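One structure below.
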Amino acid sequence: MNNEILYLRPDIQVEPLVDQWYAWAHLIPPATAARNLTHRHLRIMDSYINAPHVHAAAVKNPKMLGGPFIDYDGGRVAEIRALRDQTKQRRADLIALSEALEQLDELLRTRAQGYSLHPLYEQVPPILRGYVELTYDLRHNASFRLIEPLLYRSPLYDASAQSLALSVTSGDDRPFILSTPRLPSEGTLHLPWTFADGRIDELFRLKQCGQTWPRIVSTLGIADADQERFRSFLTTDRPAPYARYTGNGVRWRYFGHACILVETAHVRLLFDPVLSYTYETDISRYTYADLPDVIDYVLITHNHQDHILFETLLQLRHKIRHIVVPRNGAAQLQDPSVKGMLEQLGFDNVIELSELETIDCEDCRITGIPFFGEHSDLAIGTKLAHLVTLGRVRLLFAADSCNIEPRLYEHVHRDVGDVDALFVGMECDGAPLSWLYGPLLLRSIERGMDQSRRLSGSNYDQAMGMVEAFNVKDAYVYAMGQEPWLNYVMSLKYTAESRPIVDSNRLLQECRARGLTAERLFGEREILIDSVYEAVAHG
Ligand SMILES: [Fe+2]
Ligand SMILES: [Fe+2]
């Protein structure tokens, strides 16, 4: 039996955790992690401990979807209390950092009046000294930037808080990541591995390249007590090999939301990877099992959790040749470097791309295209759309860019020319600022202001403006968060009356009336394009 070749089962869910909370992009950089710990996690846990029944009722109320409520039926108060107390004790330095960021803001508010900032350095809270540069903008408003690489090298970055939770999954239902910590449960195996641990690559290689049990145990260092459970996550069923695209055009496959695999005979590109596991389901979909062995470029559009998901990226790390991310802006609290974060997590092949910069490879050119708005008017530069040119085929992946100012893409069009197919997100009723960025705010915001500053993608007029600006032949609406396997990161459910659906229906209708191909993508889709751009739908 020891010679049997074993593979990791395709239905094994692996959640990366930080302090037992689902790891997303603001839980990695120390400053954003500190703010989320104090102003999201501790607050939610306190609230649950005080009124668990309120949480139990709220998670059943569709109007409260995505709200700050723990999805444990009100029955796990003792465990949440223990997690809260342990977090407070173990993360005292992050709690101090979070408070120091507020003190620094207060210092700048009261003492930075347009005169030199030099005397203020001595008054920066001690935990932040040497990690911030104080600056004015041109209107003499004082702010600060963080020296993130140093923060990662300081005791404030504690990778030992990271772990993986492995379990068997059989459906799309998972608690919302921003509001429910992952408590130990029957059937879940916790591995105390940091995200940069090379064993993660060995673990996920087992999906395609089997090994014998003794070899697996020694490579992964599975503790004796965990071996029986871990063995149950393996199978002797050999997965089917991947059938590469070998034509002389382009094939793209929609994996759900903003995740699209684009292939030619020579190159494979994967956009905003967020994937479903493989299990019995009514909604047909591509999954982890439908990816090539090597992905030449993974391209990330922006730092929202439905576009950069560590759960997926860690599983693919061993097969990614390059990962292209938007160049960091000003290293302010709200805009951490994606490159710096991924490098911290063990990705050693990250390329930053800027607006109108290009990357050329064999038969492919990637051009960074400005991505507007969708970040509640915060100064966040780490966002980028991508134009991909493959021979004579030109595809523009605009993700959630909100075409607020139509002249932007008219200018861009003058530079880059026409596009064959546009992929545009139309989540035009986005959440208010505080839903995602609330913990980072150093001063409270009036409700009216919060409601007015949303995380909204393009509406009908804005998306149509892009269709027209680039003279596209095909318009695809995507990134709508409607696939049920994304509920745990998105918490979005539309009805026929929801504005994103009404507006995108109108876009499809108008495009079709003009003789264009137009679709709102959902679930799974495959399109083959011949070398002179003739798109043929499959599936
Ligand atoms: Fe977004
Ligand atoms: Fe999105």
Filter result (more than 17 Å from L356 (Cα to Cα), touching a strand residue (DSSP E or B) at 6+ places or on another chain (Cβ under 6 Å) and away from ligand 1 (no atom under 11 Å from the Cβ)) within the stretch 391-403: V393
If we ask which residues in the stretch 145-192 are buried (at least 19 other Cβ atoms within 10 Å of the Cβ) and aromatic (F, W, Y), their number turns out to be 1
Return only the number of the condition from (1) within 16 Å of ligand 2 (Cβ to nearest atom); (2) touching an Asp or Glu at 6+ places or on another chain (Cβ under 7 Å) that D420 does not satisfy. (1)
Taking only the stretch 427-461 into account, find how many residues are in a helix (DSSP H, G or I), farther than 21 Å from L333 by Cα and of a type in the set (D, E, K, R). 2
Residues satisfying the stated conditions in the stretch 1-55, i.e. in contact with a Gly (Cβ under 8 Å, 6 or more places away or on another chain) and part of a loop (DSSP other than H, G, I, E, B): I5, P29
Which count do you get for residues in the stretch 142-185 that are in contact with a Phe, Trp or Tyr (Cβ under 6 Å, 6 or more places away or on another chain), of a type in the set (V, I, T) and in a strand (DSSP E or B)? 0
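Go over the candidates G373, G368, G417, G438 one by one and state the one that is within 14 Å of ligand 1 (Cβ to nearest atom), among the small types (G, A, S) and either out of contact with any strand residue (DSSP E or B) (no Cβ under 8 Å at 6 or more places or on another chain) or farther than 21 Å from Q482 by Cβ (or both). Spell out the reasoning first.
Numbers: G368 fails: within 14 Å of ligand 1 (Cβ to nearest atom); G417 fails: within 14 Å of ligand 1 (Cβ to nearest atom); G438 fails: within 14 Å of ligand 1 (Cβ to nearest atom).
Exactly one of G373, G368, G417, G438 is within 14 Å of ligand 1 (Cβ to nearest atom), among the small types (G, A, S) and either out of contact with any strand residue (DSSP E or B) (no Cβ under 8 Å at 6 or more places or on another chain) or farther than 21 Å from Q482 by Cβ (or both), namely G373.
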Please enumerate the residues belonging to the stretch 272-313 that are assigned to a helix (DSSP H, G or I), under 27 Å from K383 (Cβ atoms) and among the hydrophobic types (A, V, I, L, M, F, W, C). F310, L313
Of all residues in the stretch 173-182 being charged (D, E, K, R) and at pLDDT below 95, which is nearest to W21 (Cα to Cα)? R174
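Does L521 count as in contact with a helix residue (DSSP H, G or I) (Cβ under 6 Å, 6 or more places away or on another chain) and either within 16 Å of ligand 1 (Cβ to nearest atom) or at pLDDT 95 or above (or both)?
Numbers: in contact with a helix residue (DSSP H, G or I) (Cβ under 6 Å, 6 or more places away or on another chain): no; either within 16 Å of ligand 1 (Cβ to nearest atom) or at pLDDT 95 or above (or both): yes.
No.
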Considering the stretch 462-492 alone, what residues qualify as being aliphatic (A, V, I, L, M), closer than 19 Å to R520 by Cα, under 16 Å from the mean Cα position of the chain (by Cα) and assigned to a helix (DSSP H, G or I)? L486, M490
Could you grab the pairs with beta carbons closer than 7 Å, sequence gap of 6+ or different chains, first residue in the stretch 294-320 and closer than 20 Å to I359 by Cβ, second one of a type in the set (D, E, K, R) and within 10 Å of ligand 1 (Cβ to nearest atom)? I300/D272; T301/D272; T301/K383; H302/K383; H302/D400; H307/D272
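The values are calculated or read from the model by the stated rules, or taken from the named source; none is laboratory data. If you're wondering where the values come from, they're calculated on a predicted model, not measured in any experiment. No Cβ is skipped: glycine too gets one built from the backbone with ideal geometry, and neighbour counts run over all protein chains shown.
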